[in-house]
Amino acid sequence: MKIVDAIKEELMEMGHPVETEHPAPIYSGESKLVDDLSIDRPLLMELVTRIEARFDITIKDADIDKFKTIKDIVENIKYNF
């Protein structure tokens, strides 16, 4: 499974409507967390917690503050995995 697909799956399990107005951005990785996907800080923290558990990694708080796009999260997972 691709990392982007895993992120999408986690968002859907959290009840986030990832396939509403913008069905494609989540797949490109270029979608902006706030502007395109309306992911606020609490939702991002929940997503990070789920990702850490799923991939058995730890994401630094300083890295989380740099997450602007899905691609940023993917690159961090690849680096930590």
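The values are calculated or read from the model by the stated rules, or taken from the named source; none is laboratory data. Everything numeric here is computed off the predicted structure, so don't read it as measured data. Every residue, glycine among them, receives a Cβ derived from its backbone with ideal geometry; neighbour counts consider all protein chains shown.
Which condition from (1) closer than 15 Å to Phe81 by Cα; (2) at pLDDT 85 or above; (3) loosely packed, with under 11 Cβ neighbours inside 10 Å is the one that Val4 breaks?
(3) is the only condition that Val4 fails.
Can you tell me which residue among Leu11, Leu44 is buried (at least 17 other Cβ atoms within 10 Å of the Cβ), at pLDDT 85 or above, under 12 Å from the mean Cα position of the chain (by Cα) and closer than 15 Å to Asn76 by Cβ?
Matching residue, one of Leu11, Leu44: Leu44.
Determine which single condition Ile39 fails, assuming it passes every other condition in (1) more than 16 Å from Met12 (Cα to Cα); (2) of a type outside the set (Gly, Ala, Ser); (3) modelled with pLDDT under 95.
Answer for Ile39: the failing condition is (1).
Report the residue count in region 47-81 for those that are part of a helix (DSSP H, G or I), under 10 Å from the mean Cα position of the chain (by Cα) and either basic (Lys, Arg) or surrounded by fewer than 12 Cβ atoms within 10 Å (Cβ to Cβ) (or both).
Number satisfying all stated conditions: 2.
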